[in-house]
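The values are calculated or read from the model by the stated rules, or taken from the named source; none is laboratory data. None of the values given here were measured: they were computed from a predicted structure. No Cβ is skipped: glycine too gets one built from the backbone with ideal geometry, and neighbour counts run over all protein chains shown. Side chains are part of the model used for accessible areas, which takes the heavy atoms of the whole protein and leaves out ligands, DNA and RNA. Shrake-Rupley method; radii C 1.70, N 1.55, O 1.52, S 1.80 Å.
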Amino acid sequence: MKKILVTGGLGYIGSHTVVALQEAGYEVFIIDNLSNTSIDVLQGITEITNTPPKFERLDLRIKNDVVAFFQKHTNMDGIIHFAASKAVGESVENPLLYYENNINSLVYLLQECKAHNISNFIFSSSCTVYGEPDTLPIDEGAPIKQATSPYGNTKQISEEILKDVCHVSNLNAIALRYFNPIGAHASALIGELPVGVPQNLVPFITQTAAGVRKELSVFGDDYDTPDGSCIRDYIHVVDLARAHVKAVERLIKAENSAKFRVFNIGTGKGNSVLEVIAAFEEVTGEKLNYKIVDRRPGDVVAVFADTKKANEELGWKAAHDLKEGLASSWKWEKKVRGI
Ligand code: WQD
């Protein structure tokens, strides 16, 4: 059984990917520092797959601990690296936290790949690397623009590090550029657990509908879009998880036609904030309390994926649409709140 190390495997996307990996027959080892999740997620994964993944609490910023881990746990067939700080606004206020965590962790991991001859590496990247696209849908050949936040910059720098290391070593890497992950596993045993006030749209919507938040603020309706609100590509987290399994298969079968590849992982469809709200109300029957406020600095007007490359080269395509994602998010929120 091939063994995959998943860093940040108790996080939102990580936990869904662990489930998909186990269901595809992989043995999974999770490391997580629990800074942005709960150990209860391990129970949720186990209830879904009846296979408790191996777990070790580890902070990848502590080089000695990373070295000791790999001395103890050898023979990994691949690594999927989720562990990172990911709040755009927080990264602007505390850039050093982001450069230390997101860059140092990657460098320490890659040093261990070299030391232990681990040659398959999948990196959690983001459509944030594109900045404000010139054309839509956006494909992987689009120019990488000046990052609009330290968070986005760490993703750009990380991709450059991977490209350079692959060029001079036996490492083969795939960076998956996520668009906007939403939704939860159908069982509602795992899902998104935002710490504190949610930064992202969909968890704020579901918490508002659950009465946890008073009302949703829509950050601007005066953009150059059909209804004035920003457009994004909302991808179901279960589809996103499946994309990682496809990427692992590609690397392990050594089908990676180049040492370093990037793929857009989105639905290929854009929806505005107001369309998401309308879809949520339609799917759930809940009336959402929201108001239009000023624009949020740093927001791009519109971004959604050209997914042709992932469709053709990974053999992956999103199977769920926006409404299914929203319905699963709402089911998860009700489960968390005991509604
Ligand atoms: C989506 C739209 C907001 C909250 C970021 C990162 C990306 C990824 C996902 C990590 C925007 C609007 C939001 C609210 C609102 N992060 N909005 N009211 O900014 O597209 O992407 O999160 O992997 O890398 O860049 O996602 O959900 O914050 O915003 O009106 O309370 O919803 O203005 O138009 P974003 P988001």
Provide the FRET efficiency to the nearest 0.05 for the residue 116-residue 217 pair, computing r from the beta carbons and using R0 = 45 Å.
-> 0.40
Cα to Cα, under 19 Å, and not fewer than 8 places away if on the same chain: which lysines meet these conditions relative to residue 72?
-> 2, 3, 54, 63, 114
Non-local residues with an amide H under 5 Å from the amide H of residue 260, with H modelled 1.01 Å from N and Pro and chain starts lacking one, are 173
For the chain, averaging the sequence separation of alpha carbon pairs under 8 Å that lie six or more residues apart and dividing by its residue count, the contact order in percent is 19
Lysines with Cα under 19 Å of residue 291, excluding same-chain neighbours fewer than 8 positions away | 214
What FRET efficiency comes out for the pair residue 62/residue 257, r = Cβ-Cβ distance, R0 = 35 Å, nearest 0.05?
-> 0.45
If we count every other residue with Cβ under 11 angstrom of residue 51's Cβ, Lys/Arg +1 and Asp/Glu -1, where does the sum land?
-> -2
What distance in nm separates the simple spin-label points at residue 167 and residue 195, each placed 7 Å from Cα in the Cβ direction?
-> 3.6
Using 0.36 nm per residue of separation minus the Cα-Cα distance, give me the extension gain between residue 321 and residue 73 in nm, one decimal.
-> 85.4 nm
Please work out the C-alpha center-to-center distance from segment 180-241 to segment 272-312 and express it in whole Å.
-> 8
Between the Cα axis of helix 12-23 and the main Cα principal axis of the chain, the angle (0 to 90°, nearest 10) is 60
Treat every Asp and Glu Cβ in segment 1-129 as -1 and every Lys and Arg Cβ as +1, leave all other atoms uncharged, and give the resulting dipole magnitude about the Cα centre to the nearest 20 debye.
-> 360
Mind checking which lysines have their Cα closer than 28 Å to the Cα of residue 308? Skip sequence neighbours fewer than 8 apart in that chain.
-> 86, 145, 155, 163, 246, 253, 259, 269, 317, 323
Once you have the Cα-Cα distance between residue 186 and residue 96, take 0.36 nm times their residue separation minus that, and quote the gain in nm to one decimal.
-> 28.7 nm
Packing-wise, with mean Cβ within 10 Å as the measure, how do 104-110, 257-263 rank, highest first?
-> 104-110, 257-263
Placed amide H near residue 190: partners under 5 Å, 5+ positions off or other chain = 185
Quick one: pull the percent of accessible area on the chain belonging to carbon and sulfur, 1.4 Å probe, ligands and nucleic acids left out.
-> 50
Amide H proximity to residue 269 below 5 Å, modelled H, separation 5+ or other chain, gives 305
Å² of accessible area per residue within segment 87-159, as computed with a 1.4 Å probe and no ligands counted = 43
Label point 7 Å out from residue 309 along Cα-to-Cβ: which residues of segment 246-265 have amide N under 11 Å?
-> 260-265
Helix 273-284 sits at what angle to the longest principal axis of the chain, using alpha carbons and giving 0 to 90 degrees rounded to 10?
-> 90
In nm, to one decimal, how far is the residue 227 label point from the residue 3 one, both placed 7 Å along Cα→Cβ?
-> 5.0
Pairwise centroid distance, computed over Cα atoms, of segment 14-49 with segment 138-155, Å = 29
Integer Hz, Karplus 6.51/-1.76/1.60 couplings in order for segment 206-216, x for Gly and Pro | 5, 6, 5, 5, 7, x, 6, 10, 5, 7, 8
